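Student: Following this message is one structure expressed as structure tokens.
Taken together, the values in this text are just the output of simple stated rules run on the coordinates, not laboratory data. Worth saying up front: this structure is predicted, and the values here are computed from it rather than measured. So basically every Cβ, Gly included, is an ideal-geometry build from the backbone, and we count neighbours across all protein chains shown.
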Amino acid sequence: MERMLPLVGLSETYCNKLIVRYDEGIIVDFVQFFRDEWGTALFHDRFADFRNSVAKTWAAEAKLTELTDKLSSADIPLAEKTALLLTVPTDLRGEVEKELFQFLKSNMDLLPMYVPLDN
């Protein structure tokens, strides 16, 4: 159970659409679900630092405060969250993607299952 501690506080979208997959009956064993390759980065010791860096980038944009509050709400359906994310300015999305690719490249030795695009 201690292995699951890095998941505490993560959005369900970080967790590969956890709620949707559970509701559809795709997930029958949570431990096994998180042992799949896609989830390896969630348990990486530097992933929390990456998330914090992205949060700082996001928070630096004052106009996104309201959007952040809406996205943090558990009451919003996934489709609406996705639509809200599409309203994020392209340059900010590009910054976050760049940070993600940098994280993957710098940790490729421990996360070889993720193939970052060159940008």
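Student: Go through [x] 8.2; [y] 10.1; [z] 9.3 and flag the label whose value is the computed mean projected area of the Cα convex hull in nm² for this structure.
Tutor: The value computed from this structure is option [x].
Student: For a quick check of your reading of the filter: which trypsin sites (Lys or Arg not before Pro) in the stretch 13-119 sit in a DSSP loop and have no more than 10 other Cβ atoms within 10 Å?
Tutor: none
Student: Given the -39500 (n - 2.57) contribution per DSSP H run of 4+ residues, what per-residue ellipticity at 222 nm results for the chain, rounded to the nearest 500 deg cm²/dmol?
Tutor: That calculation yields -14000 deg cm²/dmol at 222 nm.
Student: Dipole size in debye (nearest 20) for the stretch 1-111 around its Cα centre, Lys and Arg Cβ +1, Asp and Glu Cβ -1?
Tutor: Using only the charged Cβ atoms, the result is roughly 160 debye.
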